[in-house]
Every structure is written in structure tokens, then in C-alpha cells.
Amino acid sequence: MNPQLLIVLGLLVASVVMFVINKPRMDAVALIMLVLLPFTGVITMGEALAGFSDSNIVLIAALFVIGEGLVRTGVAQRIGDWLAAKAGSSETRLLVLLMLAVAILGSIMSSTGVIAIFIPVALRIAQNTGMAASRLMMPMSVAALISGMMTLVGTAPNLVVNSELTRQGADGFEFFSFTPFGVPILALGILYMLFARRWLCSKTTAESKFSRPSLRDWVEEYKLTNREHRVRVTGASSLIGQTIGDVEMRSTSGASIVAIERSKPTERLIRSSRKIISPSTSTVILEDDILFVDIVRLTESPEAIRQKYGLEELPLGGGYFTDQTQEIGMAEVMLGANSNLVGKTAVESRIRGRHGLSVIGLRRGNVAEEGDLLNEKLKVGDTLLVIGTWKQIRNLQSDASHLVVLNLPAEMSQVIPAARKAPQAVACLLLMVGLMISGVVPNVQAALIAALLMGALRCMDFESAYRSIHWKSLILIVGMLPFSLALQRTGGVDLAADGLMGAIGGAGTHVVLGSIFLITAMLGLFISNTATAVLMAPVALAIASDMNASPYPFAMIVALAASTAFMTPISSPVNTLVVGPGNYKFGDFVKVGVPFSLVVMVVSVILVPLLMPLYK
């Protein structure tokens, strides 16, 4: 063992130790190693930095952008809503559906890309259900890695092994050659994660203590429950043709119209074309308008109000219009010492006329006032809860002459900026998947084409695209890539391969396959699984030749082992990407990944010679 190899191995051990103790942070460790490795003389600084131009790194960044496009257009939200709706209150059902969705999509496109796309989906589900993100992120990464065992294009190591087969004169694998192995492993993976999830943190991060309030928090704090009503203006209504300013519902019935759902005259029959508008005093009420009404003080029953004005009651989908958070929002605003609204009532202050917002709550100090809020004289320091469209709320932020925006709800960050561009975003995604499957262009080029098209079709802008890239994960991957080259140049990998061939000579078939699997998986702890496949595929095929056996079982065992990268956060970019969102430590992957890797090894060693005979 030469001195340079000892130094490289020493740095590798040091980096693993720092990963384990989680000090310093992982991307900092990667940068430290990137700086130190050139001092060994094994690689140059240019080679250490080569990861920044690696096509896989660019691919991951492009897939982050595509994932953001799916989020901004609401595609990711709809997937999350569908999963949450199908799962109901069952965390078990949610985990199963999420893993199935990730594995199926990952079988036809980059597993790293799938994780980049599904991270915001899972985070949104976790936020809405109160579940810890850590309970979803690692099951997702497990499913994404298993997706590489489902089809030929599921992951890069499959293509590497297939290339080695054809280089040595054998026919390559077919597209679904991997499926008979991937499907049972996926089933076992789902069952395993249903058990192993108990080892993952079930608490939300400490940051949640300081998060912004939600609309539901305000509904409870301001006692808004049972004040909301949703009604349709019938053809017999006396409100038709009147403006909001003309209607005396507020003074006579204590009711206030806070929003109107309306469709364009040419789109009356198209339900999806309806949109929420914020009413002003000059807004004319039309037939078939759906009114969102807040009854501050009950001078007469809601039924009497409906009969009086010819309104039809409609069902509500959430507490105080919280099912309409894509259109309707709330904000807490405060009266400053110099506000000219001090001493006036909410009605006299004409907040609706000036800002298009309706006052629905009043808080003095820590106590929310009840009763006739609209006729209460306002004082310095009073906090008003206003409701309206998000556009009006954003406009209020830029106009602080009389009211100071004090708090905005967490739901504001979930508003879909480009909801109408969802079909275009899906088309870009399908184009990328089609290009990747066909092989017409390299995967990275397919992803860049899709990302550029999303920008051209206004699914996103450049600012949101740059913000979407998880630079911490990319730095970690780039910083660890030079170890692969350093271990090859110092003979570390050859040493391991030669030792394997010497140790298993003359052993039985299952022992040989198990040894190849184990060495491949162990190498994947320290270098990328793609590099592992590059190094181990020739070794495995050489052993097959020595045994006069079919090369396919040996090639398959290397491919399956290369995807068995569950044991550390640096074993695969898939794991690396979920470290931050899941708030994981190095030990979490060891605790969950090692037992399942052993399960996959046993299943693979049994199934491979069974489905791919060694001798013909």
C-alpha cells in the first residue's frame, strides 16, 4: 500500500467521521476535502474542481428548476393534494402512495430528478398535516433508489453495466429486464419503511415554533368560526344590478360581502373559469355571483337574510373560507401613532374603498374584540384582521401611509403564481421524459431543454429558477467526487477488486454473487454508485468468464448493488438531496439503510440466479 493511498484513505476516513458527528456541516466538509485532496499530489486542483462541470451536476440543477416549475404552476400541489386526499388521515396509506408514485416516475426518468420534484410535494403535505418531514423524506429516497432497479434507464449505473456488456460482445439488457427484480424489492421496501419509520424523528423542527401564523390560527384567535357563509345570487334576488355601496346588508343585517366568485359572461358554463374578485363599493352584483359573506353581528338569522335578498345557500369547504387560500388571504395590520384612521370606525375609515379589503377582526393588546366591530372607534396600536385577495394584500404592503402590515399568514407562501401554466409545465415534463427514454439527446440536454421551455412559457422566471437550486446538496456532491479519481489513481480500487477475486475463487455461486454485491455496495459508501458500477462491472464479468457462466447474472448483481445506496447520505445524490429537508444526521441513514441493504442483498442473490440462469 503506497503512501499516497494511505493519505487519501486517511482523508476519506476523516470526512466520514465528520459526517458522522455532523461537525462541521456536510457541504463544508466536502469543500474542505476538495481543497485538501490536491495537496496529496494525486489529483490537480483543476481535477478537484471538475465536478462543477460534471453533466450530472448540471442535470441535478436543471431538475431542481423543473421541480420548481411544477410547484409554481400548481402541478406539485395537485399531486400532493391527490396523495393527501387518497391517504386521508392514514400516515401508512400516505407513505405507501408516496413511495409508489416516486418509484413509478423514477423508473422512467432520473431518480435524482424525481426526488427534486417530490421534495416540495412532501414538504407541503407535511406542513398541511402537521407530520414531521423526516417521516416522508427517507421513504422517498428509498423508493427513488429502488426505482433504479425497475427499468434500464432508471439510473446511470444500469446504463454503465449495460455498456460494459455490449463492449464485451454480449447483447445488452432490455428496457424491462430489471423489472422482475425491482418490483419485489419495492414491495419489501414499502413494508420495511412502514416498520423503520419509528426510527425517524417524529417531531417537527424547532423552526416551527417561530413560523408565521396560519389562517386557521387567526380563525381561532379572532373567533371567526360560524361567521362565514357562501351564497349564490339567484335570478329572483333583489341584489342584482346594485353596487356593493348601495346594498345595506352591513347596516341592516350585520353582514359584509368580503369576496365574490364570478365567471366571465362568455364562460358561464365553464366552472373552472370562475375567479375570485375583491369587491369595492362600485362593484355591481350580477346573477349567479357567489358571495362570500361575513356576519359580524347577528341581528337576524342567516336563513332570514337569504330569504330577504333571494340568496341560495352553498356548502363551505373549510373553516372561514380557508379552502380558498389560493385566492383569498388575510393579514394583520396595525394603526400607527400618526394614522388618520385613529378615532374613526372601520366603516368610516373606508378601508374597503381605499384598499379593497374588509375588516373582519379587531384585537387590542392580546384580546380579540367581539360584537359590533365595524362601528368600534379605532385607537392607536389596534390590530385589524383584514380579508381580501392576495393581490390587494400585496398592494397594502407597499402603502404604509395609514396601516402597517404586522403579520402575513404562512399560506401566502403557498399561493401558486402561475396556476394557468400547469398544462405547459406538464408538457415540458413529458417532453423531457420522452427525450430521456428515447435517447435522442443526453439526459442533461433533455433537462435543460425542458427548463428553458418552462421559462419561455412563463411557468417561472429566472429569479425563482436560481432560488430553487439546492446549492448545499450540489456542493456536497461536487466536493466528494474527487475521491473517486483519487482512489483509482492510488490503486485503492484495484486493490479491493484483486482481493475480492482472490478471496472468492472456487466458492459456490451464491457466495460469489453475494461477495460481488457486498463489495459493490461497500464501495458505494465512499464513491458514487456510477463510479462503482464502472469499476465493478469489468470485475464481475471477468469472474463470470473464469467460471464459464452467463455474464447477465453477474452484470445484474452489480447493477442492483450499485442502486443499494441506502446506507449513508453521500452514497447517492438521492440521499444527499433529502438531508436538509428531512433534517437528518449521518447516523439516520446508517440506522435505516444498513438493515434494508442486507435484505436487498439476500433477495438479489436468491432471485438473480433463479430468473437469470448462470449456465445454459
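The values are calculated or read from the model by the stated rules, or taken from the named source; none is laboratory data. Since we're looking at a predicted model, the values are computed, not measured. Virtual Cβ from ideal backbone geometry, glycine too; neighbours counted across all protein chains shown. Heavy atoms of the whole protein, side chains included, go into the accessibility calculation; ligands, DNA and RNA do not. Shrake-Rupley method; radii C 1.70, N 1.55, O 1.52, S 1.80 Å.
Scanning the range 298-325 for residues that are assigned to a loop (DSSP other than H, G, I, E, B) and either open to solvent by less than 60 Å² (accessible area, probe 1.4 Å) or over 29 Å from M412 (Cβ atoms) (or both) yields L298, T299, E300, S301, G310, G318, T325. Might you let me know whether the range 463-486 holds any residue that is surrounded by fewer than 17 Cβ atoms within 10 Å (Cβ to Cβ), over 18 Å from T568 (Cβ atoms), among the small types (G, A, S) and modelled with pLDDT of 75 or more? Checking the range 463-486: not a single residue is surrounded by fewer than 17 Cβ atoms within 10 Å (Cβ to Cβ), over 18 Å from T568 (Cβ atoms), among the small types (G, A, S) and modelled with pLDDT of 75 or more. Assuming Q168 fulfils every condition listed in (1) surrounded by fewer than 17 Cβ atoms within 10 Å (Cβ to Cβ); (2) out of contact with any Leu (no Cβ under 7 Å at 6 or more places or on another chain) apart from one, which condition is it? Only one criterion in (1) surrounded by fewer than 17 Cβ atoms within 10 Å (Cβ to Cβ); (2) out of contact with any Leu (no Cβ under 7 Å at 6 or more places or on another chain) is unmet by Q168, namely (2). The lone criterion from (1) at pLDDT 90 or above; (2) touching a Ser or Thr at 6+ places or on another chain (Cβ under 6 Å); (3) surrounded by fewer than 23 Cβ atoms within 10 Å (Cβ to Cβ) left unmet by V233 is number (2).
Going through (1) within 31 Å of the chain's Cα centre (by Cα); (2) acidic (D, E); (3) more than 22 Å from R232 (Cα to Cα) one by one, E348 falls short only on (1). Residue count for the range 434-462 under the criterion of being at pLDDT 90 or above and in a helix (DSSP H, G or I): the result is 10.
For (1) surrounded by 22 or more Cβ atoms within 10 Å (Cβ to Cβ); (2) in contact (Cβ under 8 Å) with a residue 40 or more places away in the chain, each residue gets a yes or a no:
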{"position": "S545", "(1), (2)": "no, no"}
{"position": "A559", "(1), (2)": "yes, yes"}
{"position": "V578", "(1), (2)": "yes, yes"}
{"position": "L598", "(1), (2)": "no, no"}
{"position": "M601", "(1), (2)": "no, yes"}
{"position": "S604", "(1), (2)": "yes, yes"}
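Conditions (1) surrounded by fewer than 19 Cβ atoms within 10 Å (Cβ to Cβ); (2) basic (K, R), marked per residue:
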site: M522; (1), (2): yes, no
site: P538; (1), (2): yes, no
site: Y552; (1), (2): no, no
site: A565; (1), (2): no, no
site: P581; (1), (2): no, no
site: K585; (1), (2): yes, yes
site: V592; (1), (2): no, no
site: P609; (1), (2): no, no
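Among the residues of the range 24-37, those that are open to solvent by 30 Å² or more (accessible area, probe 1.4 Å) and over 19 Å from F586 (Cβ atoms) comprise V35, L36. Scanning the range 447-495 for residues that are among the aromatic types (F, W, Y) and either closer than 30 Å to G74 by Cβ or within 24 Å of the chain's Cα centre (by Cα) (or both) returns F462, Y466, W471.
Being over 21 Å from L12 (Cα atoms), at pLDDT 90 or above and hydroxyl-bearing (S, T, Y) is a property that S550 has. In the range 304-330, the residues that are hydrophobic (A, V, I, L, M, F, W, C) reach residues that are in a loop (DSSP other than H, G, I, E, B) and surrounded by 15 or more Cβ atoms within 10 Å (Cβ to Cβ) with C-beta atoms within less than 8 angstrom, at least six apart or across chains, in these pairs: L311/T234; L311/S237; L311/L239; M330/P409.
Considering each residue of the range 394-402 in turn, at least one proves to be within 24 Å of V258 (Cα to Cα) and surrounded by 17 or more Cβ atoms within 10 Å (Cβ to Cβ).
Each residue in the range 417-433 was checked for being outside any helix (DSSP H, G or I) and either open to solvent by 60 Å² or more (accessible area, probe 1.4 Å) or acidic (D, E) (or both), and 1 pass. Does E207 satisfy the criteria of being of a type in the set (D, E, K, R) and at pLDDT 75 or above? No: the conditions fail for E207.
Within the range 355-368, none of the residues are open to solvent by less than 10 Å² (accessible area, probe 1.4 Å), of a type outside the set (S, T, N, Q), touching a Leu at 6+ places or on another chain (Cβ under 8 Å) and part of a helix (DSSP H, G or I).
Every condition in (1) over 24 Å from L200 (Cβ atoms); (2) open to solvent by less than 10 Å² (accessible area, probe 1.4 Å) is met by A122 except one, and the failing one is (1).
Scanning the range 139-173 for residues that are modelled with pLDDT under 90, assigned to a helix (DSSP H, G or I) and either touching a Cys at 6+ places or on another chain (Cβ under 8 Å) or closer than 17 Å to M567 by Cβ (or both) returns a single hit, P157.
Taking the criterion of being over 15 Å from A144 (Cβ atoms) and either within 21 Å of the chain's Cα centre (by Cα) or of a type outside the set (A, V, I, L, M, F, W, C) (or both), the residues of the range 587-596 that qualify are G587, D588, K591, P595.
Within the range 248-282, take every residue that is closer than 17 Å to V359 by Cβ and part of a loop (DSSP other than H, G, I, E, B) and give me the one that is modelled with the highest pLDDT. Selected residue: P279.
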